[in-house]
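Asker: Once you've had a glance at the structure underneath, I'll fire off some questions.
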Amino acid sequence: MPSIEQALQQACQFGPGCPQRLGDAIRYAVLAPGKRLRPALVLMAAEACGGTHAAAMPGAVAVEMIHAYSLIHDDLPAMDDDDLRRGRPTVHIEFDEATAILAGDALQPLAIAHLCRHVTDPARAAQAVQILATAAGPEHLVGGQADDLAAESGPPPQTDSSDVEGADEQVAASNRIQSNPIESDVELIQRWGGTHRALEFLESIHRRKTGALFAASLDLGAVLSDASDSQRAALAAYAADIGLAFQVVDDLLDHTADETRMGKRVGKDAGRGKLTYPGLMGIDQARVRAAELIESAQQHTTPFGSAAGRLNQLAHYVLQRSH
Ligand code: GRG
């Protein structure tokens, strides 16, 4: 049975129709040293549901391909404009912008084709394709990214406090519930109409931008293991918690970790006036929130007993990770 790394390498060999430079860019992005959290979640969900790694591996490869595409495109000048990813120059820096766009474009159909080719039961393959394509689509990954980019120029009109009846009272109320926002974020929070509204918006971005692929990973592992509806529901609840916890920790690391360890630029969000959990809640309260989410995630694995041992360990890792 190949490891995730071996399976990714095998999946990134292309025929003569693929130009060398495009193939190199795809391999550069996919085989770079990422944490492989999403593929790990696919395999661990399969373990929890009594399935095999062999049956779940196509899902693990496909979700990492979609994740890799999203990182390539997110790093482009038109989006987050980053020059460092996974400790290396981003794809458009190492190659060029057109090649980076095309590598990301190619990874999306590659992921779907990989599922269709390697999941042998056609009905199961169609189910897996639907799960992944939905998570990557306009209501989830791409929609979350679009709203996140749009929010850089300020809150959407309906959340502008001056337009909303009773907004001042709401601002006052939500300023009482938040604990200790970072000083520079107090004005930002007021522009958003208070902590409560800002948090709601932030969660809606992260549920789609980060959470959807986490949820798809667990569901892929489940359906490729013939899981029951109740097993899928328990894993969906686990996914919602660790997806959000992952993002709270990501924001904390963006405030506190250094670039060498993270392998990407840090402090950009806070510097650009973007909403972050520590900015809204304060660093201590954000840590508490992440720990609560992880505890809740671990509770959702109870029905799986010891088969969910690695899912519980992974939840712990999400909380403790340092990059
Ligand atoms: C371009 C449609 C489109 C979406 C981009 C992935 C993404 C959406 C944006 C990346 C920026 C960001 C901070 C996202 C939230 C957290 C996240 C997904 C971090 C990267 O995931 P890791 O830490 O990365 O699992 P590795 O490199 O370890 O795989």
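Asker: With the structure loaded, tell me whether Arg191 is in contact with a strand residue (DSSP E or B) (Cβ under 7 Å, 6 or more places away or on another chain) and open to solvent by 50 Å² or more (accessible area, probe 1.4 Å) or whether it fails that test.
Answerer: For Arg191, the condition - in contact with a strand residue (DSSP E or B) (Cβ under 7 Å, 6 or more places away or on another chain) and open to solvent by 50 Å² or more (accessible area, probe 1.4 Å) - is not met.
Asker: Would you point out the residue of segment 207-263, among those that are more than 15 Å from the ligand (Cβ to nearest atom) and not in a helix (DSSP H, G or I), that is most open to solvent (accessible area, probe 1.4 Å)?
Answerer: The selected residue is Asp226.
Asker: Going by the structure shown, is Thr120 more than 13 Å from the ligand (Cβ to nearest atom), open to solvent by 30 Å² or more (accessible area, probe 1.4 Å), in a loop (DSSP other than H, G, I, E, B) and of a type in the set (S, T, N, Q)?
Answerer: Details: more than 13 Å from the ligand (Cβ to nearest atom): yes; open to solvent by 30 Å² or more (accessible area, probe 1.4 Å): yes; in a loop (DSSP other than H, G, I, E, B): yes; of a type in the set (S, T, N, Q): yes.
So Thr120 passes the test.
Asker: Which of (1) out of contact with any Ser or Thr (no Cβ under 9 Å at 6 or more places or on another chain); (2) more than 16 Å from the ligand (Cβ to nearest atom); (3) part of a helix (DSSP H, G or I) does Asp284 not meet, given it meets every other one?
Answerer: With respect to (1) out of contact with any Ser or Thr (no Cβ under 9 Å at 6 or more places or on another chain); (2) more than 16 Å from the ligand (Cβ to nearest atom); (3) part of a helix (DSSP H, G or I), Asp284 is out only on (1).
Asker: Looking at segment 37-85 only, could you name the residues that are more than 7 Å from the ligand (Cβ to nearest atom), closer than 29 Å to Arg265 by Cβ and surrounded by fewer than 19 Cβ atoms within 10 Å (Cβ to Cβ)?
Answerer: Hits for segment 37-85 are Leu76, Pro77, Ala78, Asp81, Asp82, Asp83, Leu84.
Asker: Within segment 87-115, how many residues turn out to be in a loop (DSSP other than H, G, I, E, B) and crowded, with 18+ Cβ neighbours inside 10 Å?
Answerer: Final tally of qualifying residues: 2.
Asker: Tell me which of these Pro109 doesn't satisfy, since it passes every other one: (1) within 14 Å of the ligand (Cβ to nearest atom); (2) modelled with pLDDT of 95 or more.
Answerer: Only one criterion is unmet by Pro109, namely (1).
The values are calculated or read from the model by the stated rules, or taken from the named source; none is laboratory data. Here the structure is a predicted model, which means the values were calculated and not measured. All Cβ positions, even for glycine, are placed from backbone atoms using ideal geometry, and neighbour counts span all protein chains on display. Side chains included, ligands, DNA and RNA excluded: accessible areas come from the protein's heavy atoms. Shrake-Rupley method; radii C 1.70, N 1.55, O 1.52, S 1.80 Å.
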